[in-house]
Amino acid sequence: MTEFEERRSHISRKMAKVLDYLAGPEPGDKDRTPATGMAMEGAVEIYRLSLETPIDPAEMAAFKARFTELMQTKENRIGLALFLSSCEQEADRGRLDGYADACWSRSVLQIINDEFTPLEPLLYEPDREAIQDIDETLHDVADDAPPVREHEIPSWIPASHWWWRAPKQQDMSEEERRQRLEYDWYDWHD
């Protein structure tokens, strides 16, 4: 098997794993629930890998169709709502230790929406404004958020993901940045 074939095989296995995460348990298996967040992050990994290794268009189309179908289940729509809630909490903590995590979660949401399936039809009514609310929070906390250093931003993240570079204090000292990111430790040791 050539290196290219190995990479394609790896991507195919990743696709199967993502769909398995979304499919959830087999009938009668009450110990396993769908792992929507893991599936979404796995899909983002497939996106990243596809930038390096072309994926057969028919295979990608079949994956996207099944991904969309599975995301429409009640369990995965609830999982999406939980992922949104987690991203909102991270954004709310943006002035301290949550900004980089919120950026990652927000990029996951955007890549899923842009590359795999539109999120709007999957959102329950109370969550319809959640992405806009997350964006507003990231914008609001950017004045005081510890910056995400350029080397910490994944190189393959689309340039349109403005939130990664939004913090205004790009010149924040490493000491102040560390104190914000590790504020729990500093509170404990004061």
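Tabulated results
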read-out: Meets criteria (in a helix (DSSP H, G or I) and touching a residue at least 40 places away in the same chain (Cβ under 8 Å)) for I111; value: yes
read-out: Considering residues of segment 36-71 that are surrounded by fewer than 17 Cβ atoms within 10 Å (Cβ to Cβ) and hydroxyl-bearing (S, T, Y) only, the residue farthest from H10 (Cα to Cα); value: T68
read-out: Cβ-Cβ under 6 Å pairs, at least 6 apart or on other chains, segment 129-145 side buried (at least 16 other Cβ atoms within 10 Å of the Cβ), far side small (G, A, S) and part of a helix (DSSP H, G or I); value: I134/A91; T137/A91; L138/A91
read-out: Number of the exception - K14 against (1) charged (D, E, K, R); (2) in contact (Cβ under 8 Å) with a residue 60 or more places away in the chain; (3) part of a helix (DSSP H, G or I); (4) touching an Asp or Glu at 6+ places or on another chain (Cβ under 9 Å); value: (2)
read-out: Residue within segment 42-57 that is without any contact (Cβ under 8 Å) to a residue 12 or more places away in the chain and closer than 23 Å to S155 by Cα present; value: yes
read-out: Residue tally, condition over 24 Å from D97 (Cβ atoms) and in a loop (DSSP other than H, G, I, E, B), over segment 115-155; value: 7
read-out: Checklist (1) touching a Ser or Thr at 6+ places or on another chain (Cβ under 8 Å); (2) part of a loop (DSSP other than H, G, I, E, B); (3) among the β-branched types (V, I, T) applied to I55, failing item; value: (1)
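Only the coordinates and a few stated rules stand behind these numbers; no lab work does. In this text the structure is predicted, and so the values were computed from the model without any measurement. Please note: Cβ atoms are built from the backbone with ideal geometry, for glycine as well, and neighbour counts cover all protein chains shown.
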